[in-house]
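Structure, as structure tokens:
The values are calculated or read from the model by the stated rules, or taken from the named source; none is laboratory data. This structure is a prediction, so every number in the text was calculated from the model and none was measured. Reconstructed Cβ throughout: ideal geometry from the backbone, glycine too, with neighbour counts over all protein chains shown.
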Amino acid sequence: MRIARRLEAISPSATMGMKVKADELRAQGKDVLSFAVGEPDFPTPANIVAAAKRAMDEGQTKYTAASGLPELKQAICEATRRDLGLDYTPAQVVASNGAKHSLFNIAQTLVQPGDEVIVLSPYWVTYPDQIAFCEGRPVIIETRDEDDFQPDLAQIRAAVTDYTVAIILNSPCNPSGAVYERDVMEGIAEIAIEHDLTIISDEIYKHILFDGRTHLSPAQLGDEVRARTLIVDGVAKSYSMPGWRIGWVLGPEPVVKAMGGLQGQMTSNPNTIAQWATVEALTGPQESVAEMNRQFERRRDFVVEQMAQIDGVTCATPRGAFYAFPNVSAHYDRLVPDAPAGARSDALAMKLLSENLISLVAGSSFGDDDYIRLSFAAGMEQLEEGLRRFTAAFA
Ligand SMILES: Cc1ncc(COP(=O)(O)O)c(C=O)c1O
């Protein structure tokens, strides 16, 4: 069978080879510890699970409007008012099967062949592929650990061309843990206004913030910025609901309506039971969000402290999300001397898995081969043993 050419834009999953190897080692009885996953290790809070059960018992098992239940859209608007102080109407919301689906809807709705979208590296793996799938061109701008992964405004400005239609922001950032400073966010907003760009703001980690930080969305920077911003959010991370698959977009009504139409022919509504569970997540008690955040912060402190003791490894302190992204490149010549440029982090990740029985994700998957990503969405005991093995690998 012939496979359509557009599928060439989709790269094979970088973690797949690692997973096969990890399974093989486990089958041999080896105790492999995984720090590769991008999901919280906590169970979904009980009140949310109870709401899903209630929905099923009450027969909420049919289709809903393709873009989501009115009750869910209302709950998203209320939560956005509470968390960001911004007023949106239900007509400005489209709920989807996770934030990844929301981002795909955005790419399909905004990007035409030849359009350019600015992506800041290290980036979440999915962004460039989704843009390329729509025959757009991701334009990558690098950020570095020595700058705390804050983007350089002059570089962004220089990257804008007549073809640029949007810029994707992800603060707090997966994988770097960066949280963009207000002046950086304001600078990006200014560039977006000047060049008529859409800001796609992936805020899925907005509740996972450390050192007393509060979240800043570009949409909070005034009406002019908000009118060109699409906020992407979801319940996967903050409410520990990755498997429930609910995400959403908030933005100007015509774009949201177009995305709803697309979704109507693509997936119809996101899972009805999960939509009701999300209503409870957003409008019910919020203590579990704060509690999970406290645990992530304790783990962050531990990981950063351990990394600081490893010679030749530098790790910018994650300000949010649940990943550490250490620069391990000083060890490449010694540990993976034969690995080809651009795939040295892959070789190191494979070595750490085979020899030290820890699974991490190579930085190359996020656009920067000097780094490796360690998820601290894992229990303290597992982290202690994992960091012991990580440290031993570089000794
Ligand atoms: C930056 C970022 N955006 C979006 C998502 C996708 O979230 P969802 O599970 O709601 O599709 C993830 C998940 O790893 C992520 O890290």
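Quick notes on this structure:
- Condition met for Ala132 (under 21 Å from the mean Cα position of the chain (by Cα), closer than 25 Å to Ala158 by Cβ and surrounded by fewer than 23 Cβ atoms within 10 Å (Cβ to Cβ)): yes
- Among the residues of region 224-278, those identified as under 20 Å from Pro45 (Cα atoms) and of a type in the set (D, E, K, R) are Asp233, Lys237, Arg245.
- Residue pairs whose Cβ atoms lie under 6 Å apart, sitting 6 or more positions apart in sequence or on different chains, and linking a residue in region 32-51 that is among the hydrophobic types (A, V, I, L, M, F, W, C) to a partner that is in a helix (DSSP H, G or I) and within 14 Å of the ligand (Cβ to nearest atom), are Ile48/Ala277; Ile48/Ala281; Ala51/Ala277.
- Here Ile48 meets each of (1) in the same structural domain as Pro151 (by TED's automatic domain parsing); (2) within 27 Å of Gln286 (Cβ to Cβ); (3) surrounded by 22 or more Cβ atoms within 10 Å (Cβ to Cβ) with one exception, condition (1).
- Residues in region 17-36 that are over 16 Å from Gly386 (Cβ atoms) and either more than 16 Å from the ligand (Cβ to nearest atom) or in a loop (DSSP other than H, G, I, E, B) (or both): Gly17, Val20, Lys21, Asp23, Glu24, Ala27, Gln28, Gly29.
- Region 326-350, residues that are surrounded by fewer than 21 Cβ atoms within 10 Å (Cβ to Cβ) and in a helix (DSSP H, G or I): Ser329, Ala330, His331, Tyr332, Asp333, Arg334, Leu335, Ala347, Met350
Results for (1) surrounded by 20 or more Cβ atoms within 10 Å (Cβ to Cβ); (2) within 16 Å of the ligand (Cβ to nearest atom); (3) outside the structural domain of Ala362 (by TED's automatic domain parsing); (4) free of Cβ contacts under 8 Å to residues at least 12 places away in the same chain, shown as yes or no for each residue.
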| residue | (1), (2), (3), (4) |
| --- | --- |
| Trp244 | yes, yes, yes, no |
| Trp248 | yes, yes, yes, no |
| Gly260 | yes, no, yes, no |
| Arg294 | no, no, no, yes |
| Glu297 | no, no, no, no |
| Phe302 | no, no, no, no |
| Asp311 | no, no, no, no |
| Pro318 | yes, yes, no, no |
| Ala324 | yes, yes, no, no |
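- Of all positions in region 279-292, none carries a residue that is within 16 Å of the ligand (Cβ to nearest atom) and of a type outside the set (A, V, I, L, M, F, W, C).
- Selection within region 37-75: residues that are within 22 Å of Lys237 (Cβ to Cβ) and acidic (Asp, Glu). The member of this set that is farthest from the ligand (Cβ to nearest atom) is Asp41.
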